[in-house]
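I have placed the structure first, in the form of structure tokens, so that the comments after it can refer back to it.
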Amino acid sequence: MSGIDHFSTAREMAAALRAREISARELLELHLTRIEEVNPQVNALVSLDPDRARAQAADADERLARGEEVGALHGLPYAVKDTHATGGWRTTYGSPLLADHVPEADELVVERVRAAGAVVVAKSNVPEFAAGSHTFNKVFGTTLNPYDPSRSAGGSSGGSAVALATGMVALADGSDMGGSLRNPASFNNVVGLRPGLGRVPEWPQRNAWETTSVSGPMARTVEDLALLLSVQAGPTPRVPMALETPGSVFAEPLGRAGDSPLAGLRVALSADLGGAFEVDHEVARVLGDQVAVLEDAGSTVVDAHPDLHEAEDTFRTLRAWHFQAKFADLLAAHPDDFKASLADNIRAGASLSGADVARAYAQRTTLGERMRVFFESHDVLVMPVSQVPPFPADQEYPQAINGRPQETYLDWMRSAYLVTVTGCPAISVPAGFTADGLPVGIQVVAPHSGERRLLEIAHAFEQRTLVGQRRPGLGKG
């Protein structure tokens, strides 16, 4: 017996496959059984195609039997976010306008994971056009939190996060504009990385120079996330802004015997970036608890934060501009087929001038430079991922935090989107639970192009706390 189950790590599964301790067919059936058992309770995976997945698994076994060289994700059950075009596979973007859409070809992030041997099982549920950090739409409904199915799974990569948390897939991907990889990771006790600019190239794109939204990896452990990043990252002539560093730099194990990246680490910790946003008291408590964890590991922790006062206007301006450019014509043709919050966001972009957009980009440049200087004195910034724990799933967004009203569906996401426009990589790592058992992650932000060290730090933190090993109580195990 291989000892592999649906909560084994992706690296363990990959090793067992190569050692012929388990076949790709057997591994897939293990996960399909888990999907049948759990998915009806949480609605995380959509457009499931077991027959196509079985054909991929059979091909994976045959390639191993022939002694062929195989990729890093060979035979691993995988979920693709339903905003990533997947050739020949229904891809709806969570919109009734595209409910029957089947792309002809893979986009680059899907192309790379398929080439690495992943067995695509399903798409993961998303909010409409990935707008908002609560996963619900008119095509498939709402994705629920496995730790409390009355609560939100976050978003927009909520389906991916829940599929990982419940052991329905080994790995999953996502994308992040205002927190869409980080928030659902925090809500579901898994790991999500927003890579820095150019780390994970995207193609095709409507605007190859607009980088508020990036694709990235999700996993149950930091080492598994690094494995997926090793496939997603790397240069391509199709994307001029792609970094030249090969993805293989992330493939090697993150922990080295006798070497702790937390020892001597200079940590700036901030609960609210100097009053930039409201933070739920339970979230603030979990963040505060990490001071002792970090200091016990040899880190120096100080209360400090960069000045990001321009980030609010920068993010809101660029988001509205991006949405208006992408969706204005579709909204004009189908005004009743968009959720109201998204329609309002698109229309807000119509009133922007060239001067507004130029100001936002100038501010973004200032923010990037200010972060560079900040990281001369600090190695990482630690702060909340989300300002709230998972909120009721029947709400579109939290109505208030500590009694302070949240006016729009974006207000409660500041702790994530203020980081977005700095261009820095940021990871969500499980850190604790609220008094009523809801997951809370911490966000660790690193300097530009610092993903490898960020992952090493996050892995070391993860190994000291082991919070990510606490599983939801759905299903039989």
Item to check | So Thr236, is it surrounded by 14 or more Cβ atoms within 10 Å (Cβ to Cβ) and β-branched (Val, Ile, Thr) | outcome: no
Checklist entry - Within the bounds of segment 293-304, is there any residue that is over 18 Å from Val267 (Cβ atoms), in a helix (DSSP H, G or I) and in contact with a helix residue (DSSP H, G or I) (Cβ under 8 Å, 6 or more places away or on another chain)? => result no
Item to check | Subset of segment 405-428 [assigned to a strand (DSSP E or B) and either exposed (fewer than 13 other Cβ atoms within 10 Å of the Cβ) or aromatic (Phe, Trp, Tyr) (or both)] | outcome: Pro405
Checklist outcome for this item: From the option list Arg364, Arg359, Arg347, single residue qualifying as assigned to a helix (DSSP H, G or I), under 24 Å from Gly274 (Cα atoms), open to solvent by 70 Å² or more (accessible area, probe 1.4 Å) and not hydroxyl-bearing (Ser, Thr, Tyr) is Arg359
Checklist entry - Out of all the residues in segment 421-432, is one or more touching a Pro at 6+ places or on another chain (Cβ under 6 Å) and in contact (Cβ under 8 Å) with a residue 40 or more places away in the chain? => result yes
Checklist outcome for this item: Filtering segment 1-31 down to residues that are part of a loop (DSSP other than H, G, I, E, B), surrounded by fewer than 17 Cβ atoms within 10 Å (Cβ to Cβ), of a type outside the set (Asp, Glu) and over 26 Å from the mean Cα position of the chain (by Cα) yields Met1, Gly3, Ala19, Arg20
Item to check | First in segment 381-402 and within 14 Å of Thr434 (Cβ to Cβ) and among the hydrophobic types (A, V, I, L, M, F, W, C), second anywhere and open to solvent by less than 40 Å² (accessible area, probe 1.4 Å) and part of a loop (DSSP other than H, G, I, E, B), Cβ under 6 Å, 6 or more apart | outcome: Val388/Asp280; Val388/Pro398; Phe391/Pro398; Ile401/Asp280; Ile401/Gln387; Ile401/Val388
Checklist entry - Are any of the residues in segment 76-98 part of a strand (DSSP E or B), in contact with a His (Cβ under 6 Å, 6 or more places away or on another chain) and either over 23 Å from Pro235 (Cβ atoms) or touching a residue at least 40 places away in the same chain (Cβ under 8 Å) (or both)? => result yes
Checklist entry - Any residue at all in segment 143-166 that is of a type in the set (D, E, K, R), in a loop (DSSP other than H, G, I, E, B) and over 30 Å from Val70 (Cβ atoms)? => result no
Next on the checklist: I'd like the full set of residues that are surrounded by fewer than 20 Cβ atoms within 10 Å (Cβ to Cβ) and part of a helix (DSSP H, G or I), limited to segment 367-389.
Outcome noted: Gly368, Glu369, Arg370, Arg372, Val373
Item to check | Every residue from segment 210-220 that is crowded, with 24+ Cβ neighbours inside 10 Å and either hydrophobic (A, V, I, L, M, F, W, C) or in contact with an Asp or Glu (Cβ under 9 Å, 6 or more places away or on another chain) (or both) | outcome: Val214, Ser215, Gly216, Pro217, Met218, Ala219
Checklist entry - Among the residues of segment 109-128, is there at least one that is part of a loop (DSSP other than H, G, I, E, B), of a type in the set (A, V, I, L, M) and more than 19 Å from the chain's Cα centre (by Cα)? => result yes
Next on the checklist: Condition check: modelled with pLDDT under 95, surrounded by 14 or more Cβ atoms within 10 Å (Cβ to Cβ), among the hydroxyl-bearing types (Ser, Thr, Tyr) and touching a Phe, Trp or Tyr at 6+ places or on another chain (Cβ under 7 Å). Does Ser260 satisfy that?
Outcome noted: no
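The values are calculated or read from the model by the stated rules, or taken from the named source; none is laboratory data. Quick caveat: nothing in here was measured; it's all calculated off a predicted structure. Methodologically, a virtual Cβ is constructed for each residue, glycine included, from the backbone with ideal geometry; neighbour enumeration extends over all protein chains shown. The protein model used for the area step is the full one, side chains on, heavy atoms only, and it has no ligands, DNA or RNA in it. Shrake-Rupley method; radii C 1.70, N 1.55, O 1.52, S 1.80 Å.
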